[in-house]
Amino acid sequence: MESATFAFIALPAFGALVVGYLLTDWRLAGAVASGGFGLLLILPGSAPSLATFALPALLGAAAGALILLPYLRVWPDATVWGRMSVAIIAALAASVANISFFAGSA
């Protein structure tokens with residue numbers, strides 16, 4: 001259970017927090033979201049160790065950036081804590097949806 005928690009909760013949250021901390025403009029958020037979702041389509045064919053750690057963090061970063069896109073467009077002067085909170089909530093929602101989807105199909 002610890003490895004599932006690390007892969008599905010901790011790594012996406014870490015990716016979202018980094019994105020929330022670094023992104024300050026809605027155009028950057030759009031670039032990170034589109035690039036992150038593009039990499040999610042490429043990385044599954046890579047080595048298992050890379051996919052194990054990179055994919056969850058990238059999912060959190062891409063989900064956080066996708067939600068930060070309209071958030072930063074509406075509030076361009078958002079604080080660091082506000083950006084990080086919005087990004088981590090989006091990443092955790094994506095993680096829970098991911099766990100629910102795959103747990104139901106197992």
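The values are calculated or read from the model by the stated rules, or taken from the named source; none is laboratory data. Keep in mind it's a predicted model, so treat the numbers as computed, not measured. Positions of Cβ are generated from backbone atoms using ideal geometry, with glycine treated the same way; all protein chains shown enter the neighbour counts.
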Inset, instruction - Please state which of the following conditions residue 97 fails to meet, knowing it meets all the rest: (1) crowded, with 20+ Cβ neighbours inside 10 Å; (2) over 16 Å from residue 18 (Cα atoms). - result: (1)
Legend entry - Contacts under 7 angstrom Cβ, first residue in segment 44-55 being more than 15 Å from residue 12 (Cα to Cα), partner modelled with pLDDT under 75 and in a helix (DSSP H, G or I), 6 or more apart: 44/51
Inset, instruction - Would you mind telling me which numbered condition in (1) assigned to a helix (DSSP H, G or I); (2) modelled with pLDDT under 90 residue 61 fails? - result: (2)
Inset, instruction - Quickly run through segment 73-96 and pick out the residues that are of a type outside the set (A, V, I, L, M, F, W, C) and at pLDDT below 90. - result: 76, 77, 95
Inset, instruction - Within segment 71-92, work out how many residues are more than 9 Å from the chain's Cα centre (by Cα) and surrounded by 13 or more Cβ atoms within 10 Å (Cβ to Cβ). - result: 11
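Name the one entry in 36, 15 that is part of a helix (DSSP H, G or I) and at pLDDT 90 or above. Reasoning before the result, please.
Details: 36 fails: at pLDDT 90 or above.
Answer to the selection: 15.
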